[in-house]
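Presented below is the structure to which this report refers.
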Amino acid sequence: MQNIRKRLSILFAASSIGAILLITLFVNITINNKFDEYMKHIQNRRYERITDYFQELYKLEGSFKASSGRELIHEAHMSNYCLTLYDENKNIIWGMDPSSLSLDDMGSDRGVYTTKTYDILVEEKTVGYVEIGQYSSVLLTEEDESFKAAINSSIILSGLMTLVIVIGISIYFSRQFSAPIKEAVNMSVNLSKGNFNQSSKIKSNIEELESLINSTNLLAEKLKYQEELRRRLVTDIFHEIRTPLNVLQNNLEAMIDGIYPISEERLSYLNDEVIRFGKLLNNLNTLKEFEEESIKLDFQELKLDELVAEVCRDYYPLARDKEIELSWYIAPNSDYTVLGDKDKLKQVFINLLSNGIKFSSSGSIIDIKIFSEEKEIVVEVKDKGIGIAKEDIPFIFERLYRVDKSRQEIEGSGIGLSIVKSILELHFFKIEVNSEMDQGTIFTIHIPRISP
């Protein structure tokens, strides 16, 4: 099995070799054809020049003689062709012997001897003929053949040089492709083995590969976070369950041993612990149902402003008892009709308000605002409580997650916000959190409008 770098290198090299060979072959054929056409054109021009020469000679001499045009014999020998001059009756005036041509370079293979006869016209009257003969093997002169060989050599050399350059470039680019992919593969293998403490520093100028590396790094971070969350979840569940059980066990053992008297007050206290333990289990079960999406929602059109106002009125006495000012504002002249499960959405605002009251001190304020934007309805729940540290904000919707300050000072299970997020996700609503330590927290819910 080949690795991706080797496979890409072979692919690039094979494609390059194929392309270069095709280009070289095409250029070679094109140049040779054009050169042959050029040489034929030169020969035709030569033949026309010879014919024109005899025409002018006839005009000067008035007739052809045995010596007419013999000065061309030397040029013909040098260029390896034969001339034969005929009169108007096609009688030979003089002619060259084809065997006298200097063809030593051809050896015994002279090729086929071909001739062409051209009329010598004077005043549109044929006054004679000239025959030009040549062996097929020497249609091109030695200089012509050398020129063609030089061209072919240059094409081949250029192809080889291009091939070397392309192979080098292909190796370079194959590494640019393969290195990020190989790194992502190695990270995936390590992640599958449970090694989440890693990240890749490789950079790529290819958008898809850079996205792959960033996604792998993000996956590693999320898996690391999920692993830490899993461990914390086990610890938190153990802590949350152990506390009421220890209280029950210690008090019951003390009453059995006679250390504590069995009284209505003590039994009521133990009953409160049992109830708290039951609420914790019920919340865990509710959260489990939400995460498995096994809860069936009863979607209906409802007035969100009326729902929020109802929850605020229910919690107003509790806030007043704690000396907390609870106010709500509903922007006028807007329609706040949404599609959702009334009971589940009511649970969302109950959890947010109860948290606001729980984490706010006496004399503070909790504000709820509902207003309308172009494409959505916005609900803000703002308190002036203990706030949330910046590093804790990404985790507050996780199961049983509680920041250190709330864990130490305020009783709770850390499940309320998880239920809020689960309900809103089932409704395709969004929730945002902004908070500063000792300055308070703002929960903002974005609800899409019902399409008309």
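Of all residues in segment 423-437, those that are closer than 17 Å to L297 by Cβ have Cβ atoms under 8 Å from Cβ atoms of residues that are surrounded by fewer than 16 Cβ atoms within 10 Å (Cβ to Cβ) and among the acidic types (D, E), 6 or more apart or on another chain, in L426/E293. Scanning segment 306-328 turns up one or more residues that are in contact with an Asp or Glu (Cβ under 7 Å, 6 or more places away or on another chain) and either at pLDDT below 80 or among the hydroxyl-bearing types (S, T, Y) (or both). Test of understanding: among S154, S199, which residue is touching a helix residue (DSSP H, G or I) at 6+ places or on another chain (Cβ under 8 Å) and either farther than 28 Å from I20 by Cβ or at pLDDT 75 or above (or both)? One residue alone meets the criteria, S199. For segment 34-61, a tally of residues being farther than 27 Å from I93 by Cβ and in contact (Cβ under 8 Å) with a residue 12 or more places away in the chain returns 2. Taking segment 358-386 as the range and being polar (S, T, N, Q) and farther than 20 Å from V420 by Cα as the test, the residues that pass are S361, S362, S364, S372.
The residue that is farthest from K224 (Cα to Cα), among those in segment 172-204 that are surrounded by 14 or more Cβ atoms within 10 Å (Cβ to Cβ) and among the aromatic types (F, W, Y), is F173. Residues in segment 112-129 that are surrounded by 14 or more Cβ atoms within 10 Å (Cβ to Cβ), in contact with an Asp or Glu (Cβ under 7 Å, 6 or more places away or on another chain) and under 16 Å from C82 (Cα atoms): Y129 alone.
Output the strands (runs of 3 or more DSSP E) that fall wholly within segment 321-375 and possess 2 or more residues being buried (at least 16 other Cβ atoms within 10 Å of the Cβ) and not hydrophobic (A, V, I, L, M, F, W, C), or say none. Before the answer, list the steps.
Details: elements: 325-330, 337-341, 365-372.
The qualifying strands (runs of 3 or more DSSP E) are 337-341, 365-372.
Would you call Y316 assigned to a strand (DSSP E or B), aromatic (F, W, Y) and in contact with a strand residue (DSSP E or B) (Cβ under 8 Å, 6 or more places away or on another chain)? It is false that Y316 is assigned to a strand (DSSP E or B), aromatic (F, W, Y) and in contact with a strand residue (DSSP E or B) (Cβ under 8 Å, 6 or more places away or on another chain).
Would segment 176-183 turn up any residue that is of a type in the set (D, E), out of contact with any Gly (no Cβ under 6 Å at 6 or more places or on another chain) and either outside the structural domain of I275 (by TED's automatic domain parsing) or modelled with pLDDT under 70 (or both)? Steps first, answer last, please.
Of the residues in segment 176-183, the ones of a type in the set (D, E) are 183.
Pick out the ones that are also out of contact with any Gly (no Cβ under 6 Å at 6 or more places or on another chain) and you get 183.
Imposing the further condition that a residue be either outside the structural domain of I275 (by TED's automatic domain parsing) or modelled with pLDDT under 70 (or both) reduces the set to 183.
Yes - at least one qualifying residue is present in segment 176-183.
Of the set (1) at pLDDT 90 or above; (2) over 19 Å from E123 (Cα atoms), all apply to D97 but (1). Among residues of segment 355-375 that are assigned by TED's automatic domain parsing to the domain that holds E325 and in contact (Cβ under 8 Å) with a residue 60 or more places away in the chain, those with a Cβ under 6 angstrom from a residue that is surrounded by fewer than 22 Cβ atoms within 10 Å (Cβ to Cβ) and assigned to a strand (DSSP E or B), sequence gap 6+ or separate chain, pair up as I368/W328; I370/I330.
Search segment 376-425 for residues being assigned to a loop (DSSP other than H, G, I, E, B) and of a type in the set (S, T, Y), and hand back the single one that is modelled with the highest pLDDT. Write out each step before concluding.
Residues of segment 376-425 assigned to a loop (DSSP other than H, G, I, E, B): 384-392, 396-403, 410-415.
Now restrict to residues that are of a type in the set (S, T, Y): 401, 413.
Working: Y401: 62, S413: 53.
Once the filter is applied, the top-ranked residue is Y401.
The values are calculated or read from the model by the stated rules, or taken from the named source; none is laboratory data. All values derive from a computational prediction rather than experimental measurement. Neighbour counts are summed over all protein chains in view; Cβ atoms, including those assigned to glycine, are modelled from backbone coordinates with ideal geometry.
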